[in-house]
Structure formats: structure tokens, C-alpha cells
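The values are calculated or read from the model by the stated rules, or taken from the named source; none is laboratory data. Bear in mind the structure is a predicted one, so any value in this text is a computation, not a measurement. All Cβ positions, even for glycine, are placed from backbone atoms using ideal geometry, and neighbour counts span all protein chains on display. Just the protein is used for accessible areas: all its heavy atoms, side chains included, with ligands, DNA and RNA removed. Shrake-Rupley method; radii C 1.70, N 1.55, O 1.52, S 1.80 Å.
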Amino acid sequence: MSGVTSPKDRRLPPGERRSRTVSWHDPAALNQMARAASGHDFIAAVAEGTVGLPPVCEVLGMEFVEAGKGEVAMRFAPDEIHFNAIGSVHGGVIATLLDTVMGCAVQTTLPAGRAYTTLEIKVNYIRAVSLRDDHLEATGRVIHSGRTTAVAEGTLKGQGGRVYAHATTTCLIFDAPRDNGTQEE
């Protein structure tokens, strides 16, 4: 590729560099709480602020709006840190937000000792998200929750119900790993 420069060759004018400081709660402690409680009780505690947010929520600036059995809503305010090179929020950030609300919705249906992981996710991007699109809300809703799989859908909406993205996921349901990292049999 001709004309491409390496990061060492880039010289930004003074004042264009920005920074951000992020802090988060110990993910191991959150994981331990998640294994000990029912999914609904754990997600409700996180949503109510009784326990800390997962690190990904702190890093991306997601906050819970509400959490019920099989449904979760989170707020997201786009920031420059979420931008791609063309001046809109990176699709991976939107996918992460939707994966989070759908996964949390699935988790609310699980008893203590059970866990989930995303098996697949499909995202339809309807329109670009920019700084003008503040106060976005992502909702996740379980369509099916069985013994070994769950299916959920998620929608990212702005003011007036304007849809920015829609997603579906399939999650694998399994026994939560023991403290030593092995799965129960």
C-alpha cells in the first residue's frame, strides 16, 4: 500500500491528542457473585448499583436503565472515544452494546449455578450513530430460554423511537465453572 504511514511517522498538531481515565470493579469478584446468585438477582443488583458494573460497561460508558426477567435496557451516550476513522461510532461498539443487553437479558432467566456465552450474534446497522445522537437506549429481550440454548433480540433506539441497529443472538447455556475454572459434570 503506497502512501500509508506508520504510527511513528504521524505527527499530530499540539492540542489534538485527548485522553480518558477509566476505573472499574474487580471482574473476578463480579464473576463470583454471578455464579452464586440467580441471574435475575445478580443483574438486578448490578442495575440497582448494589454491585459494580462489569468493566466493559465502565469502559464504553453504558449504564443500566432497568432490568426485569428476560428484559434489560441500558443507556449509551456516544463519545469521541467510540469513533471510527470516518466520524461515527464504530460498529463494534454498537455490537458490544447490543451483545451486552441481550446477554444480560438471557442471564436474568438463569438459576444460580448456570451461565451463558454468546454463540453467535447478527447485527443490522440501520443508520450511523454520531455525537448528535445522544441518549441512546439499547434493549434486550429473550425470545427463548431453554436448558442448553437461549435466543434474544436487541434494539438500539434514539429519541422518538428512531432505530439505529437491531440484533439477534443465540447463547449457549451451561453449568457455571467452579472456582478452579473447571465445569461441573
Ranked by how many other beta carbons lie within 10 Å on average, peptides 104-117, 62-75 from highest
104-117, 62-75
For the chain, with only Lys/Arg (+1) and Asp/Glu (-1) charged at the beta-carbon, what is the dipole magnitude about the Cα centre, in debye rounded to 20?
600
Could you size up the charge dipole of the stretch 50-123 around its Cα centre, putting +1 on the beta carbon of Lys and Arg and -1 on that of Asp and Glu, and report it in debye to the nearest 20?
280
Could you sort the peptides 40-49, 78-87 by per-residue average Cβ neighbour count (10 Å cutoff), highest mean leading?
40-49, 78-87
Within the stretch 82-98, list the residues whose amide N lies under 12 Å from a label point set 7 Å along Cα→Cβ of Glu63.
none
Please give the Cα centre distance for the stretch 116-185 versus the stretch 75-104, rounded to the nearest Å.
13
Any idea which of Ala167, His90, Leu53 is furthest toward the positive side of the dipole for the chain, if Lys and Arg beta-carbons carry +1 and Asp and Glu beta-carbons -1?
His90
Quick one: dipole size for the stretch 74-158, taken about the Cα centre, charges +1 on Lys/Arg Cβ and -1 on Asp/Glu Cβ, in debye to the nearest 20.
320
The percentage of the accessible area of the chain (probe 1.4 Å, all protein chains present) made up of carbon and sulfur atoms, to the nearest whole number, is 51
Counting only heavy atoms of the protein chains, get the accessible area per residue of the chain (1.4 Å probe) and round it to a whole Å² value.
59
Among [x] 0.96; [y] 1.03; [z] 1.20, the value of Rg/Rh (Cα atoms, Kirkwood Rh) computed for this structure carries the label [y]
Identify the residues of the stretch 136-165 with backbone N under 19 Å of a label point that sits 7 angstrom from the Cα of Ile81 along the Cα-to-Cβ direction, or state none.
136-138
